[in-house]
Amino acid sequence: MTERQQIEHLRRELHRHNYNYYIKNAPTISDREFDELMVELMRLEALHPELYDANSPSQRVGSDLNNEFTQVKHRYPMLSLANTYSRDEVQAFYDRVSQGLDGEHFDICCELKFDGLSISLVYENGALARAVTRGDGDQGDDVTANIKTIRSIPLLLTGGDYPDSFEIRGEVLMPWQSFEQLNQQRELQGETLFANPRNAASGTLKSKNSSVVAQRKLDAYFYYLLGTTLPSDNHYDNLQRVREWGFKISNDMRTAHSLQEVMDYIDYWDKERSNLPVATDGIVLKVNSVSQQQRLGYTAKTPRWAIAYKFQAERALTRLNEVTYQVGRTGAVTPVANMDPVHLSGTVVRRASLHNEDIIRQLDLHIGDMVYVEKAGEIIPQVVGVDTEARSADAALGAKVEFVKTCPECGTPLVRYEGEAAHYCPNETTCPPQIKGRIEHFISRDAMNIDSLGPETIADYYARGLINNVADLYQLTAEDIMGENTTRLRSAQKVVQGIEASKQVPFERTLYALGIRFVGKVTAKQIARHFGSLDALLNCTLEDLLAVEGVGEVIASSVKHYFAEPKNMEIVSRLRAYGLRFEVAESVPSRQSAALDGKNIVISGVFQHHSREQYKEMIETHGGKNVGSISAKTSFILAGQNMGPAKLEKAQKLGIPLVSEDEFLAMLSEPLVDSDTPTISTQLDLFK
Ligand code: IVH
């Protein structure tokens, strides 16, 4: 089939599926497959603007196929857990906890790590009010309608002693049996199969059609209760209580009183997990006392009071045929093993990462070797070993693999920086994958989100000499894009509109889009919020940067390095001239209540639910004043974890109350009858 025929075929198919879905209410393919067909059509259409058709099914949809749910902000961010893979690391966790609690006794609640997708449910007055996916941790998709179809999730609670308002988190999953039935059914209908129950559960929960969700027999286990008034200080007991309210709680949780008991639990489930009705990918270990959890607190991304122990990944053995090299947007060159196809944890694997030259040397890799492949974090496969016995028997073994000396894309000799394992192509300015990679990153969803462009269009414009860097995008005209082919007008206009619209993207995402090394989404957000504007960032010192949450030496010097480079500054100046946002939008916070009227409040310590900046803003919008140092006039201290001993002493001497984060949030959510000084926190004891 030619690409033209493929486009025509896809358009016919998608029209038919639209009809089945919207008119007949009887879809014959899943939403996910529908989306896949649509993505393929849009990809081909982008390659062939000359085949533009105003009535193509692609014209009905934005390319962001998952944007159909309302985004909801989580009251408490949904963090993930630090992963460990060995018993030594579990021991290290146990020791860290013990040290953090000054040697005090603690119990560990051992739980299974269910392999589905996490969900946050909010209940108000005993009824399910909202169900939200994890999303990016700060906000997720509102999937309440779909969640309501899961029979094991209570819509109304039983028991009566539940708090008026609370949040509970758990895992939505598809039991093995339902998964297998679903795939059998799909096979019969000639539909593509889901790779594993996690994908099936996630594809199902994101479905636009709740009746599809209802048929798919999802299940859910709950493992984390949050709120200002928990039944007790004991996590395990709280979950047993929650069971009485109607939630499904695993029967396989245990409290361990010693490290030995933790290890016994791991040993037991390492073998037994294959007999469970649902997929698990490890064990979760949590400090059982809620007050001890609070004392241990959080790092930027994960709690210090819990970890996940991941079971050994599945392995497969296959033949290495060739090593190729990929050049990324930073110029890093990654060796890739091309192998005979092999099944691994539900997917067929043909290519695997070899990471760097050192790994290739350690493996003493030869073409023709039988290699072991594993999925790291169950996503990207990697070569972890060679079957050396198979090698000695194989006379046809090919040459030893030697890392390339020059860039496979532009021929420039590669460099290896001191202390780094990776090789880089230093030719930032003319090495094509680096240029295209930087532009692809710039337009990506979490960055400028220019969804009228994609890797193919970027490659096309680059090949036609229209763009050479991200600033060039903003000079593109519909005429440039069309070139000789005037039938491209509509799609060209759409591209220009998409680029124009990106000028409204907030500063934090624009900063991320620049692609500064080591500056990911989260770090870009922290930096943008901390400095407020590009000018402030440009004028700051290395020390100023180090003061930003989550920024260490490596990130700080990478940021400095980036802006010290004249070529980068030229691009940034051009972007600024085109009108992109390089300042945090000044939102004048509106007054929300008088709950804190007349209060002078000191903020101290590290917080779990909101940043310090957000607390400052909350104080102001509720009528209070944030003051820097403790004095007799201080009304109270909003106290996070790890408040400094000097401050603590001063507070105690002056009799200034400490208010915990949760208490503070409760003060704002329930309008105070009068604005009396809040009660001294029970947490005061915890800080002694
Ligand atoms: S507790 C702050 N308990 O694993 C701690 N998580 O990598 C919140 N998960 O996002 C998580 N089983 O989706 C917890 N028994 C369990 C779990 C569990 C599965 C998932 C969950 C979470 C991820 C963390």
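The values are calculated or read from the model by the stated rules, or taken from the named source; none is laboratory data. Please read these numbers as outputs of a predicted model, since none were measured by experiment. Using ideal geometry, Cβ is built from the backbone for each residue, glycine included, and neighbour counts are taken over all protein chains shown. Quick note on the areas: whole protein, heavy atoms, side chains included, nothing else; ligands and nucleic acids left out. Shrake-Rupley method; radii C 1.70, N 1.55, O 1.52, S 1.80 Å.
A few notes on this one:
- Positions within region 456-468 being touching a residue at least 12 places away in the same chain (Cβ under 8 Å) and open to solvent by 40 Å² or more (accessible area, probe 1.4 Å), in sequence order: GLU456, ASP460, TYR462, ARG464, LEU466, ASN468
- Scan region 157-180 for residues that are more than 12 Å from the ligand (Cβ to nearest atom) and of a type outside the set (S, T, N, Q) and the total you get is 13.
- Considered as a group, the residues in region 46-83 that are modelled with pLDDT under 80 and either assigned to a helix (DSSP H, G or I) or in contact with a Cys (Cβ under 8 Å, 6 or more places away or on another chain) (or both) include one that is surrounded by the fewest Cβ atoms within 10 Å (Cβ to Cβ), and that residue is ARG60.
- From the list GLN181, GLN139, GLN177, the lone residue that is open to solvent by 30 Å² or more (accessible area, probe 1.4 Å) and without any contact (Cβ under 8 Å) to a residue 40 or more places away in the chain is GLN181.
- Candidate set from region 84-132 (those that are acidic (Asp, Glu) and in a strand (DSSP E or B)); member that is farthest from the ligand (Cβ to nearest atom): GLU124
- Among the residues listed as THR510, THR523, the single one being of a type in the set (S, T, N, Q) and at pLDDT 95 or above: THR510
- Looking only at residues of region 295-321 that are under 18 Å from the mean Cα position of the chain (by Cα) and farther than 17 Å from HIS610 by Cα, we find that the one that is nearest to the ligand (Cβ to nearest atom) is ALA308.
- Figure legend. Inter-residue proximity from region 153-164: first residues modelled with pLDDT of 90 or more, second residues surrounded by 12 or more Cβ atoms within 10 Å (Cβ to Cβ) and part of a loop (DSSP other than H, G, I, E, B), beta-carbon distance below 6 Å, spacing 6+ or different chains. Indicated pairs: PRO163/GLY227.
Residue by residue, here is whether (1) of a type in the set (Ser, Thr, Tyr); (2) crowded, with 19+ Cβ neighbours inside 10 Å holds:
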| position | (1), (2) |
| --- | --- |
| LYS208 | no, no |
| SER211 | yes, no |
| TYR224 | yes, yes |
| ASP233 | no, no |
| VAL242 | no, yes |
| TYR265 | yes, yes |
| ASP270 | no, no |
| SER274 | yes, no |
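- Residue selected from region 603-624 under the condition within 18 Å of ILE527 (Cα to Cα) and without any contact (Cβ under 8 Å) to a residue 60 or more places away in the chain, by the criterion least open to solvent (accessible area, probe 1.4 Å): TYR615
- Test: residue in region 101-122 that is among the small types (Gly, Ala, Ser), over 25 Å from PHE311 (Cα atoms), in contact with a helix residue (DSSP H, G or I) (Cβ under 9 Å, 6 or more places away or on another chain) and open to solvent by 40 Å² or more (accessible area, probe 1.4 Å): no
- THR523 out of contact with any Asp or Glu (no Cβ under 8 Å at 6 or more places or on another chain), buried (at least 20 other Cβ atoms within 10 Å of the Cβ) and hydroxyl-bearing (Ser, Thr, Tyr): yes
- Among the residues of region 277-291, the ones that are touching a Pro at 6+ places or on another chain (Cβ under 9 Å) and either under 22 Å from SER178 (Cβ atoms) or of a type in the set (Ser, Thr, Tyr) (or both) come to 3 in all.
- Breaking point among (1) in contact (Cβ under 8 Å) with a residue 60 or more places away in the chain; (2) small (Gly, Ala, Ser); (3) open to solvent by 50 Å² or more (accessible area, probe 1.4 Å), for ALA632: (1)
- Every pair of residues 6+ apart whose Cβ atoms lie under 7 Å, when the first sits in region 350-363 and is without any contact (Cβ under 8 Å) to a residue 60 or more places away in the chain while the second is assigned to a helix (DSSP H, G or I) and not acidic (Asp, Glu): LEU354/ILE360
- Residues that are in a strand (DSSP E or B) and under 30 Å from ASP270 (Cα atoms) were ranked within region 312-336; the one that is most open to solvent (accessible area, probe 1.4 Å) is ARG315.
- In region 469-497, the qualifying residues are those that are of a type in the set (D, E, K, R) and within 23 Å of ASP53 (Cα to Cα), and the one that is most open to solvent (accessible area, probe 1.4 Å) is GLU484.
- Long-range neighbours under 6 Å by Cβ, at least six apart or interchain, first residue within 15 Å of GLY159 (Cβ to Cβ) within region 225-252, second charged (D, E, K, R) and buried (at least 18 other Cβ atoms within 10 Å of the Cβ): PRO231/ARG241
- Members of region 279-311 found to be open to solvent by less than 30 Å² (accessible area, probe 1.4 Å) and assigned to a loop (DSSP other than H, G, I, E, B), listed by number: ALA279, ASN288, GLY297, THR302, TRP305, PHE311
- The one condition in (1) within 30 Å of GLU508 (Cβ to Cβ); (2) assigned to a loop (DSSP other than H, G, I, E, B) that GLY398 fails to fulfil: (1)
- Restricting attention to region 133-143 and to residues that are within 13 Å of the ligand (Cβ to nearest atom) and assigned to a loop (DSSP other than H, G, I, E, B), the residue that is farthest from PHE222 (Cα to Cα) turns out to be ASP136.
- Of the helices (runs of 4 or more DSSP H) lying entirely inside region 192-278, those carrying at least 1 residues that are over 30 Å from the mean Cα position of the chain (by Cα) and modelled with pLDDT of 90 or more are 235-245, 259-272.
- There is no residue in region 212-225 that is under 30 Å from ASP95 (Cβ atoms) and away from the ligand (no atom under 14 Å from the Cβ).
- Scanning region 244-263 for residues that are in contact with a helix residue (DSSP H, G or I) (Cβ under 7 Å, 6 or more places away or on another chain) and either more than 16 Å from the ligand (Cβ to nearest atom) or open to solvent by 30 Å² or more (accessible area, probe 1.4 Å) (or both) yields a count of 4.
- Qualifying residue in region 429-441 (condition: over 23 Å from ILE499 (Cβ atoms), touching an Asp or Glu at 6+ places or on another chain (Cβ under 9 Å), of a type outside the set (Lys, Arg) and outside any helix (DSSP H, G or I)): yes
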